[in-house]
1. Give the number of residues within the stretch 265-279 that are in a helix (DSSP H, G or I), closer than 18 Å to Val216 by Cβ and in contact with a helix residue (DSSP H, G or I) (Cβ under 9 Å, 6 or more places away or on another chain).
2. Which pairs do you get when a residue that is in contact (Cβ under 8 Å) with a residue 60 or more places away in the chain and outside any loop (DSSP other than H, G, I, E, B), found in the stretch 174-186, comes within reach of a residue that is among the polar types (S, T, N, Q) and within 10 Å of the ligand (Cβ to nearest atom), reach meaning Cβ atoms under 7 angstrom, with the pair 6+ apart or on two chains?
3. Quick one: which residue in Thr221, Thr282 is of a type outside the set (Phe, Trp, Tyr) and modelled with pLDDT under 95?
4. Enumerate the pairs (first residue in the stretch 43-62 and basic (Lys, Arg); second residue anywhere and at pLDDT 85 or above and not in a helix (DSSP H, G or I)) with beta-carbon separation below 9 Å, excluding pairs fewer than 6 apart on the same chain, so at least 6 apart or on different chains.
5. Might you let me know whether the stretch 248-266 holds any residue that is under 25 Å from the mean Cα position of the chain (by Cα), of a type in the set (S, T, N, Q), away from the ligand (no atom under 16 Å from the Cβ) and buried (at least 18 other Cβ atoms within 10 Å of the Cβ)?
6. Could you list all residues from the stretch 287-307 that are part of a helix (DSSP H, G or I) and modelled with pLDDT under 95?
7. Of all residues in the stretch 96-114, which are more than 22 Å from Lys157 (Cα to Cα) and in a loop (DSSP other than H, G, I, E, B)?
8. Within the stretch 34-78, which residues are within 20 Å of Thr192 (Cα to Cα), more than 17 Å from the chain's Cα centre (by Cα) and small (Gly, Ala, Ser)?
Amino acid sequence: MRREVALGLLIVVGVLSMAGAGVQGPPQSGPSAAALEATKIEKVKDNLYSITGSSVANRDAFSGGNTAVFITDTGVVIVDTKLSGWGQVILDRIKTVTNKPITTIINTHTHGDHTGSNEFFGTSVETIVQENTKANMEKMDAFKGDKAKFLPKRTYKDRMSIGGGKDQIELYYFGPGHTNGDTFVVFTALRTMHMGDMFPWKDAPFLDLSNGGTGVELPKTLDKLLKGVKNVDTIIGGHLPVQQWKDLEEYQRFNADLLAAAQAARTAGKSVDEAAASINLTSKYPGYESMRVKAAIQAIYDELSKK
Ligand SMILES: [Zn+2]
């Protein structure tokens, strides 16, 4: 028994270390008090809630990305499942708003802070992801060997419709950005969209090149989203409070400006350090931080030098 527990912890460590540097926190030995406190269920619209997970910057309180909870006539659809070890907390929070069973999980992308507790909900729950995300999940220790049974069984390429009427959900894929498999989940009747780490925070994006992410394509993919999805006013992002459509438009402009500035700096022969020191977007984008700008510039440089 003790050996199994230790082995479980090793697996968690492995998952966290491989799932993308800069996003996941340290391995959890059970939810900390600070993290439990930060994990609240908040009403977004009728029948739609978000279970928060604190900002990534506050590691002590971090439990993973925002989890959407959509209560339909036939059951509960959740979007993203936080880090491993948070399934019971997610379930407990859901039970405060409905007694309906969880029928469906949608993962916005592969990272362990968005897929970590899929396993908790078992194999009878239907899990849906974009097809590239399934391929990325197959590379994760959390879904290898015996655990392959927890891989998503339903995938789509560009677009998928689930349910109808007030329960309708539309899934969209517009191309690579944060990874190469980011899904935009639209709760049509509620004019609300969960977009995972394609809008993670108000700072430079985390570009996961090892899972097909790209800072060159990301602004274009967000532009396709802005043109391709209509009638959405409310946004649930990866790791920030609920936003409005205009905030998403601003985040797209921020990313286009960041890419243009990084490309200009590189053309001018600046090093990544020099580029990071010279690029300041926070005056044009109030409320934005620059903690992740250097890492994003590095990723864009790496990407451009491969072309
Ligand atoms: Zn992510």
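The values are calculated or read from the model by the stated rules, or taken from the named source; none is laboratory data. Note that the coordinates shown come from a computational prediction; the quantities given were computed from them, not determined experimentally. Heads up, the Cβs are rebuilt from the backbone with ideal geometry, glycines too, and the neighbour counts pull from every protein chain shown.
1. Quick first cut of the stretch 265-279, residues in a helix (DSSP H, G or I) only: 265-267, 272-278.
Within this subset, residues satisfying the condition of being closer than 18 Å to Val216 by Cβ are 265-267, 272, 275-276.
Still in the running and in contact with a helix residue (DSSP H, G or I) (Cβ under 9 Å, 6 or more places away or on another chain): 265-266, 272, 275-276.
Here the count works out to 5.
2. Val185/Thr108
3. Going through Thr221, Thr282 in turn, just one is of a type outside the set (Phe, Trp, Tyr) and modelled with pLDDT under 95: Thr282.
4. Lys43/Tyr49; Lys43/Ser50; Lys43/Val97; Lys45/Phe187; Lys45/Arg191; Lys45/Thr192; Lys45/Thr234
5. Taking the stretch 248-266 and keeping what is under 25 Å from the mean Cα position of the chain (by Cα), we get 248-260, 262.
Now narrow it down to the ones that are of a type in the set (S, T, N, Q): 252, 255.
Of the ones still in play, those that are also away from the ligand (no atom under 16 Å from the Cβ) are 252.
Cutting the leftovers down to buried (at least 18 other Cβ atoms within 10 Å of the Cβ) gives us 252.
Scanning the stretch 248-266 turns up at least one residue that is under 25 Å from the mean Cα position of the chain (by Cα), of a type in the set (S, T, N, Q), away from the ligand (no atom under 16 Å from the Cβ) and buried (at least 18 other Cβ atoms within 10 Å of the Cβ).
6. Scanning the stretch 287-307 gives a single hit, Ser305.
7. Within the stretch 96-114, Thr96, Val97, Thr98, Asn99, Lys100, Pro101 qualify.
8. Across the stretch 34-78, the qualifying residue is only Gly75.
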